[in-house]
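No value in this document is a laboratory result; all are computed from the given coordinates. Owing to the predicted nature of the structure, the values given are computational and were not obtained by experimental measurement. Please note: Cβ atoms are built from the backbone with ideal geometry, for glycine as well, and neighbour counts cover all protein chains shown.
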Amino acid sequence: MKEMMVGSAAPVGPVGRWGAAPPQALLERMKDYGQEGAFALWDELSPEDRDLLVRDIESLDLSRIDRIIRRSFGSQGFLAPAVEPVPESSVSRVEDRSPEDKERWWKGAESHFRGEAGRCPSGWWSGNSAW
């Protein structure tokens with residue numbers, strides 16, 4: 001698995017109270033649960049959005065969430081799946097899509113956000129065939 005660099009780019013503009021990188025203790029806490037990717041776009045956030053992200057993450061009870069997920073999987077006879085990166089072959093870029101594909105994606109996204117669709121238009125990957 002590739003190591004993720006967080007907050008490594010030189011800051012552009014004001015960096016806010018948290019500086020050019022997320023708080024180290026919070027980053028380490030997220031790494032304990034394999035969730036350091038929550039900071040992947042840190043360098044692109046405004047100082048206000050950085051504050052909001054930090055407050056939101058600090059409010060999470062990650063150990064409780066982890067217990068709930070593990071119990072849920074266990075009660076259904078599943079092992080908790082290992083979360084892995086999406087295979088590169090499953091990733092597409094907007095620039096590479098045909099105009100028809102872009103239009104279909106936007107229609108799906110719009111219906112999702114209006115609450116008319118139960119499927120997330122961006123998709124997801126868990127590695128668990130039971131989903």
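Below is a table of values for the structure above.
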read-out	value
Per-pair calculated FRET efficiency, R0 = 22 Å: LEU52 and GLU28 via Cβ, rounded to 0.05	0.60
Theoretical gain in end-to-end length, PHE78 to GLU100 [0.36 nm per residue, Cα-Cα removed]	4.1 nm
